[in-house]
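A quick write-up on the structure given underneath.
The values are calculated or read from the model by the stated rules, or taken from the named source; none is laboratory data. A quick note: this is a predicted structure, and the numbers were derived from the prediction, not measured. Neighbour counts are summed over all protein chains in view; Cβ atoms, including those assigned to glycine, are modelled from backbone coordinates with ideal geometry. These area figures cover heavy atoms from the full protein model, side chains too; ligands, DNA and RNA do not enter into them. Shrake-Rupley method; radii C 1.70, N 1.55, O 1.52, S 1.80 Å.
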Amino acid sequence: MATLSVGEPVPDVSFRGADGAVKLKDLIGERVLVLYFYPKDETPGCTAQACSFRDRYQDFTDAGADVVGVSTDSGSSHDAFKSHHKLPFRLLTDEGGAAAKAMGVKKTLGIIPGRSTFVIDPAGVVRLRWDGQLGAVRHVDEALAIVRSMAKAPARS
């Protein structure tokens, strides 16, 4: 499994959403995408992470970014998790972990789904990659800082 690094384009992967298949490339376009992979709905670290993104969600949208969470949990599990914690962003299912594998999201101890966050620019290039099971909320401010810096950067021609 190759690791997707900063400066590389994202692979062509798909997820499952409420209305069927969702291609990563269809989530990329006019806005920056903050895509975070997490192990499991309703676990303490994952809940803290999701709520941290929820609490900063308006800051992300004001800075020009969309936030999307991804795990292998089912759509019904995601629906309950979103409702329980009032999450304003999409949660998608990575059936079998294929997208995580393609993006180099490593499992902990070889069995626990990984926790990684990617900030992806409108051209589909990774601008930040963060990995780690611990410190599930520390990287949210770092991701926001990158998004804000991208909004201030002059457009490249």
Exercise. Read phi for every residue in segment 28-42 and hand back ³J(HN,Hα) as whole Hz from Karplus 6.51 cos²θ - 1.76 cosθ + 1.60, θ = phi - 60°, with x for Gly and Pro.
Key: 9, x, 6, 10, 5, 10, 9, 10, 10, 9, 9, x, 6, 4, 6
Self-check item: Residue-level accessible surface for residue 77, protein heavy atoms, 1.4 Å, Å²
Solution: 40
Quiz prompt | Only Lys, Arg (+1) and Asp, Glu (-1) charged, at Cβ; segment 43-136 dipole about Cα centre in debye | solution = 240
Quiz prompt | Förster-model FRET efficiency, 22 Å R0, residue 21 and residue 76, C-beta, rounded to 0.05 | solution = 0.80
Quiz item: How many Å² of accessible area per residue for segment 1-142, probe 1.4 Å?
Solution: 48
Exercise. Please report, as a whole percent, how much of the solvent-accessible surface of segment 1-82 comes from carbon and sulfur atoms (probe radius 1.4 Å).
Key: 48
Quiz prompt | Helix-derived mean residue ellipticity, 222 nm - over the chain, DSSP H n ≥ 4, -39500 (n - 2.57), to 500 | solution = -9500 deg cm²/dmol
Exercise. With a ≥ b ≥ c taken as the square roots of the eigenvalues of the C-alpha gyration tensor of the chain, please select rounded if a/c is under 1.5 and otherwise prolate if a/b is larger than b/c or oblate if it is not?
Key: rounded
Quiz item: Quick one: longest stretch of the chain between exposed loop trypsin sites (Lys or Arg not before Pro), exposed meaning at most 12 other C-beta atoms within 10 Å and loop per DSSP?
Solution: 1-85
Self-check item: Total lysine pairs under 18 Å (Cα atoms) in the chain, excluding pairs fewer than 8 apart on one chain
Solution: 7
Quiz item: Around residue 108, with a cut-off of 13 angstrom between Cβ atoms, what is the net charge of the other residues, counting Lys and Arg +1 and Asp and Glu -1?
Solution: +3
